[in-house]
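One structure is given below, encoded as structure tokens.
The values are calculated or read from the model by the stated rules, or taken from the named source; none is laboratory data. Quick caveat: nothing in here was measured; it's all calculated off a predicted structure. In this analysis, Cβ positions are derived from the backbone assuming ideal geometry, glycine residues included, and neighbour counts consider all displayed protein chains.
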Amino acid sequence: MFAAPPSLETEVFAELPAIYRQPRSSRWTEANRGGAAVHSFLEGPSFDRDGNLYVVDIAHGRIFRVSPDGRFDLVAEYDGEPNGLKIHRDGRIFVADYRNGLMLLDAEKGSVTPILHGRWSEHFKGINDLFFAANGDLYFTDQGQTGLQDATGRVYRLTADGRLDKLIDTVPSPNGLVTDAAGTALLVAVTRGNCIWRIPLLPDGTTTKVGLFIQLSGGLGGPDGLAVDAAGNLAVAHAGLGSVWIFDPFGEPLWRIRSCTGRLTTNLAYGGADGRSLFVTESETGTILRAKLPVEGKPMFSHR
């Protein structure tokens, strides 16, 4: 165990406007929010080349673009459950859709089209988040309703040349993921285990000796989105605890970033003019928070 790290404060960068805040239920809220009517559930922040921040609303099948001055614009609304979003270095916008699989967003047309529904003839359980490695490989988690009662969540890699590999299929609720600074291991948020796993990436494309890298506690959920900066520090959005933890490359805590709004800190992305700000989706209140880091927070892999 380590001593409690110093705290950093957040501010509200942007807030979902009233026009997009009509509370209602959906298939997703019935399964995941006890049927409650909610205005949104923001996730999947990712910056484009122009500094716009894209976020998804899994509850109501919406994708928003947030300008550098915090203005929300609705880009797409469709029959789906977008849970994660990442932008390829070539500008393509990929969406992890819990219901429909891996999707591609055309922001100009406002359309979302499928890329991959499953592996072989088997549909995914419900994919959650995704991450592009430096070599163009796409990693994503297939979470579904897995947890400690059903440790069958999966982690996949879609190689740059189109091959789909199942790396592991014994994870109790895999969620956000990133590679480490060296690109030799995948770090995966295991939400219901309240921990971060380290999955070695071997030269032949397989993995072995998967280990527990960080054990967390508390909250009503667990670790959700992850991000790694240029120094190899790991940022962990702890859903249900209203916090983001920053760990050094060896897993020692550096800072705790506290939400100034709700407790559902679900995902995060580095951005800002100097790359030293962390932007966090707080899904309870439909806000995007911003925290200034005392060290450079430039992401490792950037299309900008």
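Does P68 satisfy the criteria of being in a loop (DSSP other than H, G, I, E, B), of a type outside the set (D, E, K, R) and under 30 Å from A134 (Cβ atoms)? Show your work before the answer.
Numbers: in a loop (DSSP other than H, G, I, E, B): yes; of a type outside the set (D, E, K, R): yes; under 30 Å from A134 (Cβ atoms): yes.
Criteria met by P68.
Within region 43-98, which residues are of a type in the set (S, T, N, Q) and either under 12 Å from the mean Cα position of the chain (by Cα) or surrounded by 23 or more Cβ atoms within 10 Å (Cβ to Cβ) (or both)? S46, N83 - these are the residues of region 43-98 that are of a type in the set (S, T, N, Q) and either under 12 Å from the mean Cα position of the chain (by Cα) or surrounded by 23 or more Cβ atoms within 10 Å (Cβ to Cβ) (or both).
Please state which one of L158, L167 is touching a Ser or Thr at 6+ places or on another chain (Cβ under 8 Å), at pLDDT 95 or above and not β-branched (V, I, T).
Numbers: L158 fails: touching a Ser or Thr at 6+ places or on another chain (Cβ under 8 Å).
Selected residue: L167, the only one of L158, L167 that is touching a Ser or Thr at 6+ places or on another chain (Cβ under 8 Å), at pLDDT 95 or above and not β-branched (V, I, T).
Filtered by the rule that a residue be more than 30 Å from N32 (Cα to Cα), of a type in the set (A, V, I, L, M, F, W, C) and not in a strand (DSSP E or B), region 178-215 gives A181, A182, L201, L202.
Return a yes/no flag: does region 216-239 have any residue that is in a strand (DSSP E or B) and either polar (S, T, N, Q) or surrounded by fewer than 18 Cβ atoms within 10 Å (Cβ to Cβ) (or both). Scanning region 216-239, I find no residue that is in a strand (DSSP E or B) and either polar (S, T, N, Q) or surrounded by fewer than 18 Cβ atoms within 10 Å (Cβ to Cβ) (or both), so the answer is no.
For residues in region 104-144 being under 17 Å from R27 (Cβ atoms) and either aromatic (F, W, Y) or part of a strand (DSSP E or B) (or both), which is farthest from the chain's Cα centre (by Cα)?
Keep residues of region 104-144 that are under 17 Å from R27 (Cβ atoms), which gives 112, 123-128, 143-144.
With either aromatic (F, W, Y) or part of a strand (DSSP E or B) (or both) added as a condition, the list becomes 112, 123-124, 127-128.
Working: V112: 19, H123: 21, F124: 18, I127: 11, N128: 8 Å.
Only one residue fits best here, namely H123.
Where residues in region 1-38 are over 22 Å from V66 (Cβ atoms) and assigned to a helix (DSSP H, G or I), which of them is nearest to the chain's Cα centre (by Cα)? Residue satisfying both the conditions and the ranking: N32.
With G35, G101, G61, G118 as the choices, which residue is touching a His at 6+ places or on another chain (Cβ under 6 Å) and either polar (S, T, N, Q) or without any contact (Cβ under 8 Å) to a residue 40 or more places away in the chain (or both)?
Details: G35 fails: touching a His at 6+ places or on another chain (Cβ under 6 Å); G61 fails: touching a His at 6+ places or on another chain (Cβ under 6 Å); G118 fails: touching a His at 6+ places or on another chain (Cβ under 6 Å).
So the residue among G35, G101, G61, G118 that is touching a His at 6+ places or on another chain (Cβ under 6 Å) and either polar (S, T, N, Q) or without any contact (Cβ under 8 Å) to a residue 40 or more places away in the chain (or both) is G101.
Taking the criterion of being surrounded by 21 or more Cβ atoms within 10 Å (Cβ to Cβ), more than 22 Å from S173 (Cα to Cα) and modelled with pLDDT of 95 or more, would at least one residue in region 124-139 satisfy it? No: region 124-139 contains no residue that is surrounded by 21 or more Cβ atoms within 10 Å (Cβ to Cβ), more than 22 Å from S173 (Cα to Cα) and modelled with pLDDT of 95 or more.
Are any residues in region 145-166 surrounded by fewer than 19 Cβ atoms within 10 Å (Cβ to Cβ) and of a type in the set (A, V, I, L, M), and if so, which ones? L148, A151, A160, L164, listed by residue number.
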